[in-house]
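The values are calculated or read from the model by the stated rules, or taken from the named source; none is laboratory data. Because the structure is a prediction, the values reported are computed rather than measured. Neighbour counts run over all protein chains shown; Cβ positions are idealised from the backbone, glycine included. Quick note on the areas: whole protein, heavy atoms, side chains included, nothing else; ligands and nucleic acids left out. Shrake-Rupley method; radii C 1.70, N 1.55, O 1.52, S 1.80 Å.
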Amino acid sequence: MSKKGILICFTGIDGSGKTTHAISIVNFLSQDDVKCRYVWTRWVPITLKPVVVLVKALLFKRNTARARSNKDYFEYRSAKRRYLGKSVGKIWQNMVLFDYCLQVLMKIRIPLVFGNVVVCDRYLYDTLVDFAVDSRYSKGQLKNMLKMRIVSLFPKPDALFLLDVPEEVAFKRKSDVQALTHLLDRREFYLALAEEYSSMKVLDNSGYFNDTQSEIRDEVCKLLSNS
């Protein structure tokens, strides 16, 4: 390996197998003494935490954020869309992405500088898909978000895997998913991202785990051998 760090990212709907495969590839690489670390990198509010707490308290009084039915999820989604108007939505997106950049600096950029292989369970693309759903964007609008200046500040993955499964399969796997509609809303946007990024490798993870993991290992080994 060269001294340059390598960024490997897993993205996809909840229940698609991101965490399991990310941890498995880290364990596989660690066996060969590769400097490797697993990081969970979905956006979590840091500088914006007081704002998020306040907004939820004011707007989502019925705690539908932890809805367990499609009805509750629809109410939650409608509330978010109602208050994320065009102007407010744009401001909020930039605030979130700036906050997210700070997390990426600590969790990803610094380890990459020291030559680590960083394996991300979720990444920027998951946050953008959430934005698209919350703001009722079209696929075209989602793709336009990729051109935002602030998006260019995020490290570009050396390997990017979209783990794709039917929504019904993912829903059965994840007991904490709010509702099936939560997955239906998002899967089409992930597939739209795959159309935009030729480097995003789409893997059907609805079958046997070992088959998918074998494909991932082959791709990662090729990447490491060429670095």
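Checking the cross-link pairs K80/K107; K49/K90; K90/K201 against a 20 Å limit on the alpha carbon distance flags K80/K107; K90/K201 as lying beyond it.
For the chain, compute Rg over Rh where Rg is the Cα radius of gyration and Rh is the Kirkwood radius from the inverse mean 1/r over Cα pairs.
On the Cα set of the chain, Rg over Rh gives 0.97.
Amide H contacts of V202: L162, each under 5 Å away and 5 or more positions distant or on a separate chain (H built 1.01 Å from N in the peptide plane; Pro and chain starts excluded). Over all pairs of different C-alpha atoms, region 179-227 has a mean inverse distance whose reciprocal, the Kirkwood radius, equals 12.8 Å.
Annotation: peptides 102-109, 148-155, ranked by per-residue average of other Cβ atoms within 10 Å with the highest first, follow the order 102-109, 148-155. For the residues N210, N27, N116, a GNM of the chain with alpha-carbon springs under 10 Å puts the largest fluctuation on N210. Basic side chains Lys and Arg get +1 at the Cβ, acidic Asp and Glu get -1 at the Cβ, and with that the dipole of the chain about its Cα centre reaches some 1120 debye. Share of carbon and sulfur in the accessible area of the chain stands at 55%, probe radius 1.4 Å. Partnerless cysteines in the chain, where a partner means another cysteine C-beta under 4.7 angstrom, comprise C36, C101, C221.
Spatially, region 107-131 and region 144-201 are offset by 14 Å when compared through their Cα centroids. Calculated mean residue ellipticity at 222 nm for the chain: -16500 deg cm²/dmol, from DSSP H runs with n ≥ 4 weighted as -39500 (n - 2.57), summed, divided by the residue count and rounded to 500. Think of a 1.4 Å ball rolled over the protein heavy atoms: the chain then has 53 Å² of accessible area per residue. Across the options F171, L102, W92, the greatest Cα extent toward the positive end of the charge dipole of the chain (unit charges at beta carbon of Lys, Arg, Asp, Glu) belongs to W92.
3J(HN,Hα) along region 112-128, derived from phi through the Karplus expression 6.51 cos²θ - 1.76 cosθ + 1.60 where θ = phi - 60°, amounts to 5, 4, 8, x, 7, 8, 9, 10, 9, 9, 6, 7, 3, 5, 5, 5, 5 Hz, with x in place of Gly and Pro.
Under the rule a/c < 1.5 gives rounded, and otherwise a/b versus b/c splits prolate from oblate, where does region 114-227 land using the Cα gyration tensor? Oblate, since a/c reaches 1.5 and b/c is not below a/b. Evaluated with a Cβ-only charge set (Lys, Arg +1; Asp, Glu -1), region 106-227 carries a dipole of roughly 500 debye about its Cα centre, given to the nearest 20. Within the shell of other residues whose beta carbon sits under 12 angstrom from the beta carbon of N144, the net charge comes to +3, with Lys and Arg scored +1 and Asp and Glu -1. Overall shape: prolate for region 157-204, with the ratio a/c of the largest to smallest alpha carbon gyration tensor axis at 1.5 or above and a/b above b/c.
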